[in-house]
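*Asks:* Got a structure here, written out as C-alpha cells. Questions coming.
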Amino acid sequence: GGGGGGRYVPPPATAATLTLQLLYLTHRTPWRRRRDTNEKKPSLGAAKIGHNKDARLLLDTCTDNWRRLTLYLTCVVLPGITGPDDNMDPFLPWLDTHVGRRRINRLLKVCMEALTGFRNTATTTKTTKGGGNGSIRTGTTEEEATTTAASGAACGEAVCNLFRQLIGVDRDDRARPAVLAYCRSRLILPEGCVDMSPGQSYYRHPGDDDLDLIRQTRTLLLYGICGGKPIPDTAELMRERCVSDRDRTRADRAVALLVDILIGVKGKATAYLADLGKLLSRFVEEILTVPLVTWKVSSGTIRRLVTPAPVTNNFIPIIDMLRAFASRHAEDLSVGE
C-alpha cells in the first residue's frame with residue numbers, strides 16, 4: 001500500500017490478519033482436556049481470542065509481547081490511520097461491522113493494558129532497594145527487569161502516540177472523523193461514565209470492558225501495577241520512596257497523556273463543547289483526589305498543570321480544571337458538601 005514518503009502501509013485485510021495474531025499472542029488461551037482422549041485443546045477458537053474475559057492478557061509477563069505491540073502499532077496501525085488514503089485505513093471498514101468494532105475494542109484493551117496495567121491484579125512481588133513494591137516480580141533478575149522496563153517504555157510511548165491520534169489531540173487531526181468519534185466515545189467520553197460521588201470509596205475497580213482512560217489512570221494511581229494500597233504501609237517512614245520507580249514511571253506517562261489531551265481539548269473546544277466542562281472536572285475529581293498523587297507522578301507533569309498553555313490563550317490548566325469542577329458542583333459546594 002502507498003502511504004506517502006516511501007512508507008509502506010499494510011492494506012486493511014493484512015492489518016486484520018496481523019491484529020488477530022497480536023490478540024492471540026497477547027492473551028493466555030484457556031485450555032480444556034477431552035475426556036475420551038485426555039488430549040488438551042484450546043477452549044476458544046482463533047476468532048474469539050481476545051473476546052473472552054477468561055483469556056488473560058500477557059504483557060507484563062512477556063517482554064516479547066511489548067516488542068510485538070510496539071512494532072504492530074508503529075508499522076501496521078498508525079501508518080493506515082494517519083495516511084492520506086482512506087482506503088488504507090483499517091479502522092474504517094472495521095467500524096462498519098459488529099465484529100470489526102469488537103476487534104477495535106479488544107485492540108484498545110491491549111493498548112490500555114500496556115499504558116495503565118488495565119487488570120490491576122495483585123501479583124506476588126518482592127521489595128526493591130528503593131523500598132517500593134512491584135518493581136521486580138518474584139523470580140526475575142535485575143537485568144530482566146531492566147529489559148522489561150525498556151520494552152514497556154517504548155511500548156507505552158507507541159500507545160500514547162496512538163491514543164493522541166485516535167482522540168485528536170493535535171490541531172490538525174489526521175485520523176478520519178468517524179474513527180475520531182468512535183474512539184473518543186470509548187476512551188474519554190464513555191456513555192456509561194458517571195461523576196464520582198463525594199462519598200465514593202477509593203477501592204472501586206473498573207470493569208473488564210471499561211476503556212475509560214481517566215478511570216483507568218485513577219486505578220493505576222491508586223493501586224499501582226501489582227494491586228497495592230492507595231497509601232502504602234511504608235508511606236510515613238519512606239515518604240516518596242514508598243512508590244516504586246516502575247509504578248511512578250507508568251503512572252506519570254498516563255497522567256502526562258491526560259494532560260496533553262485536556263490541553264488539546266481546551267484548544268479546540270468546538271469539537272468537545274458539550275463535554276469540555278465534564279472532562280476538566282473529572283480530572284479534579286478522579287486524578288487530583290488520589291492520595292499522595294504528587295509522589296506518584298513526576299515534578300515535570302505537575303509543573304505542566306500550573307504553566308500557562310499557549311494553545312489555550314495562556315490559561316493555566318489547573319485553574320481551568322478547578323473552574324469547571326466548581327461550575328459542575330456549584331449547588332453542592334454552596335451548601336458545604
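*Asks:* State yes or no: is D195 modelled with pLDDT under 75, open to solvent by 20 Å² or more (accessible area, probe 1.4 Å) and within 13 Å of the chain's Cα centre (by Cα)?
*Replies:* Answer is no for this residue.
*Asks:* Here is a further query. If we keep just the residues of segment 161-188 that are at pLDDT below 80 and out of contact with any Ser or Thr (no Cβ under 6 Å at 6 or more places or on another chain), which is surrounded by the fewest Cβ atoms within 10 Å (Cβ to Cβ)?
*Replies:* Step by step, filter segment 161-188, then rank; the result is D172.
*Asks:* Taking segment 225-243 on its own, how many of its residues are in a loop (DSSP other than H, G, I, E, B), open to solvent by less than 40 Å² (accessible area, probe 1.4 Å) and at pLDDT 90 or above?
*Replies:* Selection size over segment 225-243: 3.
*Asks:* Answer yes or no as to whether I136 is at pLDDT below 65, among the aliphatic types (A, V, I, L, M), surrounded by 17 or more Cβ atoms within 10 Å (Cβ to Cβ) and on the phi < 0 side of the Ramachandran plot.
*Replies:* In short, yes.
*Asks:* In addition: Report, by residue number, each residue of segment 89-114 that is touching a strand residue (DSSP E or B) at 6+ places or on another chain (Cβ under 9 Å) and in a loop (DSSP other than H, G, I, E, B).
*Replies:* Matches in segment 89-114: none.
*Asks:* Right, something else. Restricting the search to segment 88-101, which residues are over 15 Å from L20 (Cα atoms) and either of a type in the set (K, R) or surrounded by 13 or more Cβ atoms within 10 Å (Cβ to Cβ) (or both)?
*Replies:* M88, D89, L92, P93, L95
*Asks:* Identify all residues within segment 281-325 that are in contact with a Phe, Trp or Tyr (Cβ under 8 Å, 6 or more places away or on another chain), part of a helix (DSSP H, G or I) and not acidic (D, E); write none if there are none.
*Replies:* Answer for segment 281-325, where residues must be in contact with a Phe, Trp or Tyr (Cβ under 8 Å, 6 or more places away or on another chain), part of a helix (DSSP H, G or I) and not acidic (D, E): S281, V284, M321.
*Asks:* Going through segment 290-322 one residue at a time, which ones are open to solvent by 60 Å² or more (accessible area, probe 1.4 Å) and in contact (Cβ under 8 Å) with a residue 12 or more places away in the chain?
*Replies:* R304, V306, F315, L322 - these are the residues of segment 290-322 that are open to solvent by 60 Å² or more (accessible area, probe 1.4 Å) and in contact (Cβ under 8 Å) with a residue 12 or more places away in the chain.
The values are calculated or read from the model by the stated rules, or taken from the named source; none is laboratory data. Since we're looking at a predicted model, the values are computed, not measured. Virtual Cβ from ideal backbone geometry, glycine too; neighbours counted across all protein chains shown. Remember, those area values only see protein heavy atoms, side chains included, never the ligands or the DNA or RNA. Shrake-Rupley method; radii C 1.70, N 1.55, O 1.52, S 1.80 Å.
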